[in-house]
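One structure follows; several queries about it will come next.
The values are calculated or read from the model by the stated rules, or taken from the named source; none is laboratory data. Computed from a prediction, not measured in an experiment: that's the story for all the values here. Glycine also receives a Cβ, built like all others from the backbone with ideal geometry; neighbour counts cover every protein chain displayed. Side chains are part of the model used for accessible areas, which takes the heavy atoms of the whole protein and leaves out ligands, DNA and RNA. Shrake-Rupley method; radii C 1.70, N 1.55, O 1.52, S 1.80 Å.
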Amino acid sequence: MSETADLVAGRSRPRLALLLGLGLVLFVILTGLGTWQVQRLHWKEDLLATIDKRTHSAPLALADVEKEFAASHDVDYTPVTVTGTFLHQGERHFFSTWQGDSGFNVYTPLQLEDGRVVLVNRGFVPYDLKDPAKRPQGEVAGKVTVTGLARNPLPGKPSMMLPDNDVAKNIFYWKDRDVMAASAGLPAGVVLVPFFIDADKTPNPGGLPVGGVTIIDLPNNHLQYAVTWYGLAAALAVVLILRLCRPAKEA
């Protein structure tokens with residue numbers, strides 16, 4: 001019996017060592033994922049605090065926001081006031097939903113007094129009112145002053161799941177600032193302000209577009225994820241400890 005037990009024990013040792021080795025690797029991975037989520041939690045909390053501070057601050061002049069963008073390339077949600085003339089013939093339409101309805105956010109070039117242009121998200125129009133001819137009152141003529149939130153340009157398509165922009169039909173599924181501007185029929189050589197502006201809730205004539213459609217709702221589930229990863233790591237540690245104790249009990 002003793003020889004048989006020794007033989008079984010000798011065969012089980014390599015398997016136990018392999019099991020423990022794999023378990024330790026998995027434990028390190030799980031704790032690493034938990035730590036990464038803690039780091040993401042701190043990053044998200046700082047980001048939310050920055051956004052809250054910006055959105056509750058007084059609007060800045062466009063020149064001040066441009067200086068900040070040149071320094072940091074980040075002016076997201078910074079209140080800004082700008083004056084110019086809308087070039088309504090260059091409207092670009094970004095597919096969107098608002099309060100349960102599908103439609104478009106209307107991005108209209110605003111020509112500044114110095115000749116430059118900034119793309120302004122004037123707000124939402126229902127799907128069947130995409131054509132500006134169906135909402136002529138909202139096509140404001142002459143000099144206007146717009147207050148809203150500066151929005152950073154996207155570095156690229158945010159997800160492969162999004163459809164490609166249909167430039168020919170003037171339907172954009174992601175905000176490609178350069179293509180929007182290039183397809184808007186702007187004067188040759190015009191200089192483009194390097195960020196967007198989302199107009200505030202100030203009503204437009206005729207009620208359309210509906211302004212103030214900026215959604216500031218960033219989920220912060222990183223604490224939950226961290227607890228999950230750390231919990232799995234703890235459960236795995238218990239399993240490994242019990243497995244180590246089992247041969248001694250059997251002996």
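Based on the alpha-carbon set only, what is the convex hull volume of the range 138-251 divided per residue, in Å³?
Cα-based convex hull of the range 138-251, divided per residue, equals 194 Å³.
Ok, one more. With bins 10 Å wide starting at 0, give me the P(r) of the chain over every alpha carbon pair, in whole percents.
Pairs per bin, as whole percents: 6, 23, 24, 14, 9, 8, 7, 5, 3, 1, 0.
Okay, moving on. Report, in debye and to the nearest 20, how large the dipole of the range 49-88 comes out about its Cα centre when Lys and Arg carry +1 and Asp and Glu carry -1 on their Cβ.
Dipole size: approximately 80 debye.
Could you tell me which of 207, 159, 186 has its Cα farthest along the dipole of the chain towards the positive end, charges placed at Cβ (Lys, Arg +1; Asp, Glu -1), taken about the Cα centre?
Ranked along the dipole, the leading option is 159.
Please sort through the DSSP H helices of the chain and keep those with an alpha-carbon extent of at least 30 Å along the long axis and a Kyte-Doolittle average not below -1.0.
2-55, 222-250
Still on this model: Which one of 39, 51, 227 has its Cα pushed farthest toward the positive end of the charge dipole of the chain, where Lys and Arg give +1 and Asp and Glu give -1 at the Cβ?
In the chain, that residue is 227.
Something else now. Using alpha carbon centroids, what distance separates the range 199-221 and the range 128-170, in Å?
Spelled out, the Cα-based centre of one part sits 13 Å from the other.
While we're on this one: Specify which residue in the list 18, 196, 103 is farthest towards the positive end of the charge dipole of the chain, using unit charges on the beta carbon of Lys, Arg (+1) and Asp, Glu (-1), about the Cα centre.
Checking the options against the dipole of the chain, the answer is 18.
Placing +1 at every Lys and Arg Cβ and -1 at every Asp and Glu Cβ, with all other atoms neutral, what dipole size does the range 17-115 have around its Cα centre, in debye to the nearest 20?
Around 460 debye, computed over the range 17-115.
So what is the relative contact order for the chain, in percent, with contacts set as C-alpha pairs under 8 Å and at least six apart? Let's see the in-between values first.
Numbers: 379 pairs, mean separation 59.2, N = 251.
It comes to 24 percent, rounded to a whole number.
Given charges of +1 on the Cβ of Lys and Arg and -1 on the Cβ of Asp and Glu, with all other atoms neutral, how large is the dipole of the chain about its Cα centre, in debye to the nearest 20?
In total the dipole reaches around 760 debye.
Provide the per residue accessible area, probe 1.4 Å, for the chain, rounded to a whole number of square angstrom.
59
Sticking with this one: Which ³J(HN,Hα) values in Hz, rounded to whole numbers, follow from the phi angles of the range 189-205 under the Karplus curve 6.51 cos²θ - 1.76 cosθ + 1.60, where θ = phi - 60° and Gly and Pro get x?
Result, rounded to whole Hz: x, 5, 8, 9, 4, x, 8, 8, 10, 8, 5, 7, 7, 3, x, 8, x.
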